[in-house]
């Protein structure tokens, strides 16, 4: 008699996010051997810097899940604008930390609304709309910043750089947001709506899915994630600067693709975001250990992303 019970080991091996964690583990081992540094300190650093990539990646993942053509290219500028305005508002005053966080989130909501209005009212592709909007956000950041680097309040800086039980505080924030995203996609009807839109927009609309409302929420959510990342990154690094979000244009897309989400939309893999974020930090650390320049690192990073996208297109990355 044949055993028809599902094999849990085979089920895990079929998860696309597994390979991101395996790659991160192998890269972690190689980096530890090359650098000769303690595994504990490397793991702590990996969790810290991966947190920023994971948070923006969660927002980008939900946008990409909406289907082909949906991508948010305003993330770097939104990060910069939110961090700049929030830190300028707080002006190193501890009593203004919570209002400063609300300012950052408010900036994210505003950017998300503008992004979606450009898409909805002008009927231009999301890539063009968010890229165009990013020039506006970056210009506002330049105008408000005027070349100054305002420090965060000391308790906020301590929180962003600190941790407990070997886990950075920013990683706790990133993990909490990942859990919320997983619950949204796997346990809420809104998650089914998001996947349905990505799989077949016309069918989703005909079945009664509030397409525009869902898309609006997702673009606002992506901007909020970017704004929160900018707020935390500026607090961690000692201040906001006009180039702080630049690397997250590529990174926010890379962690989504490498993490196992479908580049064509309709299928997300929240656990893979963290695996990919850890892998991206660790591979850069490993290349740094070899003494390679920034240009070579970017080329190799791009090759990794191209390879993963090619593999995904052939195997169809099922959840």
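The values are calculated or read from the model by the stated rules, or taken from the named source; none is laboratory data. On a predicted model such as this, the values are computed, not experimentally measured, just so you know. Cβ: placed from backbone, ideal geometry, glycine included. Neighbour counts: every protein chain shown.
Do we find a residue being over 15 Å from the mean Cα position of the chain (by Cα), modelled with pLDDT of 90 or more and closer than 29 Å to residue 201 by Cβ anywhere in the range 56-68?
Yes: the range 56-68 contains one or more residues that are over 15 Å from the mean Cα position of the chain (by Cα), modelled with pLDDT of 90 or more and closer than 29 Å to residue 201 by Cβ.
Restricting to the range 69-94, name every residue that is assigned to a loop (DSSP other than H, G, I, E, B) and touching a residue at least 60 places away in the same chain (Cβ under 8 Å).
Passing the criteria: 70, 71, 72, 73, 74, 92, 93.
Name every residue in the range 26-68 that is surrounded by fewer than 17 Cβ atoms within 10 Å (Cβ to Cβ) and part of a helix (DSSP H, G or I), in order of residue number.
Of everything in the range 26-68, those that are surrounded by fewer than 17 Cβ atoms within 10 Å (Cβ to Cβ) and part of a helix (DSSP H, G or I) turn out to be 26, 29, 30, 33, 34, 35, 39, 40, 41, 43, 44, 45.
Pick out the one residue from 234, 178, 240 that is in contact (Cβ under 8 Å) with a residue 40 or more places away in the chain, part of a helix (DSSP H, G or I), under 30 Å from residue 300 (Cβ atoms) and more than 14 Å from the chain's Cα centre (by Cα).
None of the others qualify; the one that does is 234.
Could you pull out the residue among 290, 219 that is under 15 Å from the mean Cα position of the chain (by Cα) and more than 18 Å from residue 20 (Cβ to Cβ)?
219
Conditions (1) over 19 Å from residue 249 (Cα atoms); (2) assigned to a loop (DSSP other than H, G, I, E, B); (3) touching a strand residue (DSSP E or B) at 6+ places or on another chain (Cβ under 6 Å); (4) free of Cβ contacts under 8 Å to residues at least 60 places away in the same chain, marked per residue:
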{"site": "96", "(1), (2), (3), (4)": "yes, no, no, yes"}
{"site": "103", "(1), (2), (3), (4)": "yes, no, no, yes"}
{"site": "111", "(1), (2), (3), (4)": "no, no, no, no"}
{"site": "116", "(1), (2), (3), (4)": "no, no, no, no"}
{"site": "124", "(1), (2), (3), (4)": "yes, yes, no, yes"}
{"site": "131", "(1), (2), (3), (4)": "no, no, no, yes"}
{"site": "139", "(1), (2), (3), (4)": "no, no, no, yes"}
{"site": "143", "(1), (2), (3), (4)": "yes, no, no, yes"}
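Return yes when residue 107 is exposed (fewer than 15 other Cβ atoms within 10 Å of the Cβ), over 23 Å from residue 168 (Cβ atoms) and modelled with pLDDT of 95 or more and no when it is not.
For residue 107, the condition - exposed (fewer than 15 other Cβ atoms within 10 Å of the Cβ), over 23 Å from residue 168 (Cβ atoms) and modelled with pLDDT of 95 or more - is not met.
Kindly indicate whether residue 245 is under 15 Å from residue 27 (Cα atoms) and buried (at least 24 other Cβ atoms within 10 Å of the Cβ).
no
Mind checking which residues of the range 192-214 are surrounded by fewer than 16 Cβ atoms within 10 Å (Cβ to Cβ) and over 17 Å from residue 69 (Cα atoms)?
192, 203, 205, 206, 207, 208, 210, 213
Quick one: which residue in 316, 260, 291 is on the phi > 0 side of the Ramachandran plot, in contact with a helix residue (DSSP H, G or I) (Cβ under 6 Å, 6 or more places away or on another chain) and at pLDDT below 85?
260
Does the range 146-168 contain at least one residue that is at negative phi, touching a strand residue (DSSP E or B) at 6+ places or on another chain (Cβ under 7 Å) and either surrounded by 16 or more Cβ atoms within 10 Å (Cβ to Cβ) or not in a helix (DSSP H, G or I) (or both)?
Scanning the range 146-168, I find no residue that is at negative phi, touching a strand residue (DSSP E or B) at 6+ places or on another chain (Cβ under 7 Å) and either surrounded by 16 or more Cβ atoms within 10 Å (Cβ to Cβ) or not in a helix (DSSP H, G or I) (or both), so the answer is no.
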